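The values are calculated or read from the model by the stated rules, or taken from the named source; none is laboratory data. Since the structure is predicted, the reported quantities are computational estimates derived from the model, not experimental observations. Reconstructed Cβ throughout: ideal geometry from the backbone, glycine too, with neighbour counts over all protein chains shown. Side chains included, ligands, DNA and RNA excluded: accessible areas come from the protein's heavy atoms. Shrake-Rupley method; radii C 1.70, N 1.55, O 1.52, S 1.80 Å.
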Amino acid sequence: MPYLRRSLASSGRLVQTIHTLRRQLHQSGRLLRAEPAPATTISPLKEHLDRHDDIDTRLTNARRAAQMGGGDAAVEKRQQAGKLTARQRIDLLLDPNSFREYDMLMEHRCTDFGMSGKKFPGDGVVTGSGRINGRLVFVFSQDFTVLGGSLGATHAQKICKIMDKAMEVGAPVIGLNDSGGARIQEGIDALGGYADIFLRNVMSSGVVPQISVIMGPCAGGAVYSPALTDFTFMVRDSSYLYVTGPDVVKSVTNEDVTHDELGGANVHTGKSGVAHVAFDNDLEALSGVRELINYVPSSNEDKPPRVAPTDDAMRSEPSLETVIPKDPFKAYDMKEVISKLVDNNRFFEIQPDFAKNILVGFARFDGRSVGIVANQPKVASGTLDINASVKAGRFVRYCDAFNIPVVTLVDVPGFLPGTAQEYGGIIRHGAKLLYAYAEATVPKITVITRKAYGGAYDVMSSKHLRGDFNYAWPQAEVAVMGAKGATSIIYRREKDPEALQAREQEYVATFANPFPAAKRGFVDDIIQPATTRQRICEDLALLENKKLSNPAKKHGNIPL
């Protein structure tokens, strides 16, 4: 305790000494009061502008990076190969200065396998809306210079966004496909992205037109999106479409096959029927899309676009009086008939290289857009087979979904016989075309130019399938089968050739003409070929506001 008292006394004396020294210094002026340092004054406006300038710079740099895709080197390499970039394709597809881009700055969020250092603004796909001949469309264009155009979660999210918006406002969706497939580094997120797109393809089907243009590779699961769309265009020698590539085919089946042999444009437009039209280059393909858009409505709630007619609706076409050969077994080109009937001889054919025994495509009568289905006597006598039935059936259903009238030109000797057809399911596939015509509620106009035999007569938009106007040319034959085949069955026991010949002539006089059908109301009139265009134009005008509905149901069970 004595020690503590001594320490406190010493501390008190020290404090007194300090106070005394401070008084003396202050009186002598040697102690200066501490003044606060002058504050640096920055205008709030200047601070805001500086921050804004920084954001402007960052935004400009980010947009520039997005526009460069995978970088200068990747773009230059592509151009040296004679290919267009994703943005160049959009510029050529759409009306000048009409493109509005969405989500330019979106990036993937993957961090696995070094992906955190491989981020590109836009994530390998350019999406947005624009105009084609003044009409709104939505478009996505995959950029192969960015990670091979591979699809990940963000890439898919951008595509889904424009598909959703297209459904909301009622506008076509056009996809320019150029992708190496799923982004493996993102794993199941990439697969989920594809499934999200597939769902929207299905939900959009029959609501807004969907057009796919394959302008590079499209492999694996990616192929099913184009397969679900309404039309698929391809570019020869540069686009490929297959589930498994040549390397996998080699390892599994030991087949040596090139990309083009396995899934090139000629394969899918001529053999498989997966694609609809093949073009020689990107520019032609994009021009084809622009032309197709001119024929189809923006959604299922709209009527097909009508243009100011430049071809007289009342125009007579005398050359049609002689287009059908007098020999009933001699072929002729139905494309010539179509050309003479439609506005300005313009027929936009769909699938011209597949199932050539039937023709489908778009044209106009008096400015009105129509779908045309026609047997082609020049190929396999115009018989219906598996591929022809599937081709025409799907086209009719498309027209019906989008309120496009269907004009059918009939010259069909029946369904193609043979074990290959029977084993391949001609019954089931032929029923698809029958189903499509029967289900369709759009205006349906049918002209029998020469033959309509057997079940094929029924299938090809007959009056029995709710045809609105059915006509026959004077030389038309509506019968169960041809005279020679019929008499050989009816009079199979007749051995006298002259007697058989007489029976055949009797059959021709009784059935091989349009009068039995006309007497029963199965054709509305027998018309002169030269007046056909006039009749069709008048009927389309009459049927413009046609209203017909099918029984209420969830959906029918078409024989797929």
Chain lengthening between D196 and N300 when straightened (0.36 nm per residue, less Cα-Cα): 35.2 nm
How much net charge surrounds M215 when only other residues with a Cβ under 9 Å from its Cβ are counted (Lys, Arg +1; Asp, Glu -1)? 0
Let a ≥ b ≥ c be the square roots of the eigenvalues of the Cα gyration tensor of region 196-345; is it rounded (a/c under 1.5), or, if not, prolate (a/b larger than b/c) or oblate? oblate
Alpha carbons only, please: Rg and Dmax for region 161-241, in angstrom. 12.7, 37
So, relative contact order of the chain in percent, Cα under 8 Å, 6 or more apart, is 8 percent
What does the accessible area per residue of the chain come to in Å², with a 1.4 Å probe and no ligands, DNA or RNA counted? 51 Å²
What shape does region 413-512 take by its C-alpha gyration tensor, where a ≥ b ≥ c are the square roots of the eigenvalues and a/c under 1.5 counts as rounded, a/b above b/c as prolate, and the rest as oblate? oblate
Which of rounded, prolate, oblate describes region 306-378, given a ≥ b ≥ c as roots of the alpha-carbon gyration tensor eigenvalues and a/c under 1.5 marking rounded, otherwise prolate only if a/b is larger than b/c? oblate
If R0 is 45 Å, what FRET efficiency do you get for A227 and K519 from their C-beta distance, rounded to 0.05? 0.45
Which net charge results when you count Lys and Arg as +1 and Asp and Glu as -1 among the other residues whose beta-carbon is under 9 Å from that of K158? -1
Expressed as a rounded percentage, what relative contact order does region 247-347 have, with Cα pairs under 8 Å and six or more residues apart? 12 percent
Work out the FRET efficiency for R236 and A74 from their Cβ-Cβ distance, taking R0 = 25 Å, and round it to the nearest 0.05. 0.55
Round to the nearest 0.05 the FRET efficiency obtained for A552 and T57 when R0 = 45 Å and r is the Cβ-Cβ distance. 0.15
Counting only protein heavy atoms and a 1.4 Å probe, tell me what percentage of region 295-378's accessible area is made up of carbon and sulfur. 50 percent
Tally Lys and Arg at +1 and Asp and Glu at -1 over the other residues with C-beta under 9 Å from the C-beta of R236: what net charge comes out? -3
Label point 7 Å beyond Cα of A420 along Cβ direction - residues of region 264-307 with amide nitrogen under 16 Å: 270-273
For the pair S272 and T310, how long in nm is the line joining their label points, each one 7 Å along Cα→Cβ? 3.8 nm
Helix 44-67 sits off the longest principal axis of the Cα atoms of the chain, rounded to the nearest 10 on a 0 to 90 degree scale, by 40 degrees
Take V323, project a point 7 Å from its Cα along the Cβ direction, then tell me which residues of region 338-360 have their backbone nitrogen under 12 Å from it. 338-343, 345-347
Pick out, in residue order, every one of the GluC sites (Glu not before Pro) in region 461-510 that is DSSP loop and has at most 14 other C-beta atoms within 10 Å; say none if there are none. E494
The chain: angle of helix 426-439 to the longest principal axis, Cα-based, in degrees nearest 10: 80 degrees
What number, in nm² with one decimal, is the all-direction average of the projected area of the convex hull of the alpha-carbon atoms of the chain? 48.8 nm²
Taking a 1.4 Å probe, which of D524, D333, D237 shows the most accessible area, and what order do the others take after it? D237, D524, D333
Between the helical axis of 497-510 and the dominant principal axis of the chain, each derived from Cα atoms, what acute angle in degrees is found, rounded to the nearest 10? 60 degrees
